[in-house]
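Below is one structure, written out as structure tokens; comments come after it.
The values are calculated or read from the model by the stated rules, or taken from the named source; none is laboratory data. Since this is a predicted model, take the numbers as computed values, not measurements. Note that we place each Cβ from the backbone using ideal geometry, even for glycine, and neighbour counts take in every protein chain shown. SASA here: full protein model, heavy atoms, side chains in, ligands and nucleic acids out. Shrake-Rupley method; radii C 1.70, N 1.55, O 1.52, S 1.80 Å.
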Amino acid sequence: MKRVRQTDPVLQKLQRRKKQKNVYCKTSPLHALVDWGILPHHVVLHIFQFLPLVDRARASSVCRRWNEVFHIPELWRKFEFELNQPATSYLKSTHPDLIQQIIKKHANHLQYVSFKVDSSTESAEAACDILSQLVNCSIKTLGLISTAKPSFMNVSKAHFVSALTVVFVNSKSLSSIKIEDTPVDDPSLKVLVANNSDTLKLLKMSSCPHVSPAGILCVADQCHGLRELALNYYLLSDDLLLALSSEKHVNLEHLRIDVVSENPGQVEFHTIKKQSWDALLKHSPKVNIVMYFYLYEEEFDAFFREETPVTHLYFGRAVSKSMLGRIGMNCPRLIELVVCANGLQPLDDELICIAERCKNLTAMGLGECEVTCRGFIEFVKMCGGRLTQLSIMEEVLIPDSDYNLDQIHSEVSKHLGRMWFPDMMPTW
């Protein structure tokens, strides 16, 4: 058989094609994408920020470059510890070995830290143990979140306060704190103020039974940069509103107040003076005042007897017709109103009063209430296109001699200037 020479034109043509193919593979975009090891640090860092800690740790063992990125301080400025017990939660938990690695190698980089725990006391205690080890941190944001019942309340107060004090003392630059449903107390708030009064801007601490009105007043008196505050109504006082209205204090942007009663008839709610509300509104004219009510009908007597600058109202339990009537008369700044239940008496007059006097109203939600179709259409007509959110259960609307349920959707849509249908389920 005759041997093919290297100078054979057919063979030369095949070799040229092979070379061209190799060059294409090496220079094509697909080849470049496959070589993950040459990605710039900032690109890998951006990708790592979207990965759970376990996946991030595994990825760090791929190559030297990725391992270098894994230890960049910027990657550890924001972190969420997830602490769950297999017996009480289906959610994943941050591995204990990884937690210890973070504390040893990256604690001084942490700035935005949150703890998400399940309903078990063990998880809350584990969160406190981690907090007590953060002695070299400069935390700016701290959040303690219970995904089920408030498990932090089952931890001993001494253990919780001791752990929290470590962060308050060592951080000295806290700007945002969410410690709702926890056993925080007045002395620990004084430590917070002593070390972070110049930086604190947001404090959420609803359902903290060991805090007194004097304790929260201490925060308002010293933390003049406070812009957002969430607390229970029993902590609200005329003195607190006046402290938030002082010349030294910045304009308050958001005030959330939870009005809760677990034992009907056993708690007598105090009244805030109109002059105190007026002082706050004069100092912070754009403040949003949000109130969540979980009361029984007989407990509303102290509220809205005088003009109140509330902007958002949510009623989680039944509220009387007379109460809604007072809201229409005395809440001119109202922007959003949600009523989960009322009773069997139509609310036509109350809604029309609200539409007439609450000129800023843009959102309304009604659950287990009753409104005639005629009254509801009149309400919508008066509000017009400013109602950007209108969530009404179909069962709320009562057909009358003017309109039935088939007609109401087109009539309401006409006045809103957009397509509208009643809801089959609550959307709030």
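Things to note:
- Considering residues of the range 365-380 that are open to solvent by 30 Å² or more (accessible area, probe 1.4 Å) and assigned to a helix (DSSP H, G or I) only, the residue nearest to residue 314 (Cα to Cα): 378
- Test result for residue 167, more than 27 Å from residue 254 (Cβ to Cβ), modelled with pLDDT under 95, not in a strand (DSSP E or B) and not polar (S, T, N, Q): no
- For the range 350-364, the set of residues classified as open to solvent by 20 Å² or more (accessible area, probe 1.4 Å) and either out of contact with any Lys or Arg (no Cβ under 8 Å at 6 or more places or on another chain) or within 23 Å of residue 296 (Cβ to Cβ) (or both) consists of 350, 352, 353, 356, 357, 359, listed by residue number.
- Scanning the range 383-428 for residues that are assigned to a helix (DSSP H, G or I) and surrounded by fewer than 16 Cβ atoms within 10 Å (Cβ to Cβ) yields 384, 385, 386, 394, 395, 405, 406, 407, 409, 410, 413, 414.
- One residue stands out among those in the range 44-60 that are in a loop (DSSP other than H, G, I, E, B) and open to solvent by 60 Å² or more (accessible area, probe 1.4 Å): the one that is nearest to residue 73 (Cα to Cα), which is 49.
- Filtered residues of the range 370-379 (kept if farther than 16 Å from residue 336 by Cβ and either modelled with pLDDT of 95 or more or of a type outside the set (Lys, Arg) (or both)): 370, 371, 372, 373, 375, 376, 377, 378
- Single residue of 229, 255, 241 found to be under 23 Å from residue 274 (Cβ atoms), open to solvent by less than 40 Å² (accessible area, probe 1.4 Å), at pLDDT 95 or above and not in a strand (DSSP E or B): 241
- Condition met for residue 193 (farther than 23 Å from residue 319 by Cβ and buried (at least 16 other Cβ atoms within 10 Å of the Cβ)): yes
- Of the listed requirements (1) open to solvent by 60 Å² or more (accessible area, probe 1.4 Å); (2) more than 22 Å from residue 204 (Cα to Cα), residue 285 misses just one: (2).
- Number of positions in the range 61-85 that are more than 30 Å from residue 118 (Cα to Cα) and open to solvent by 70 Å² or more (accessible area, probe 1.4 Å): 5
- Filtered residue count, the range 314-339, keeping only those that are open to solvent by 10 Å² or more (accessible area, probe 1.4 Å), farther than 12 Å from residue 295 by Cα and assigned to a strand (DSSP E or B): 1
- Tally, over the range 219-257, of residues that are over 16 Å from residue 282 (Cα atoms) and among the acidic types (Asp, Glu): 2
- Of all residues in the range 154-165, those being open to solvent by less than 30 Å² (accessible area, probe 1.4 Å) and either of a type outside the set (Gly, Ala, Ser) or on the phi > 0 side of the Ramachandran plot (or both) number 4.
- Within the range 108-147, tally of residues that are buried (at least 18 other Cβ atoms within 10 Å of the Cβ) and among the small types (Gly, Ala, Ser): 6
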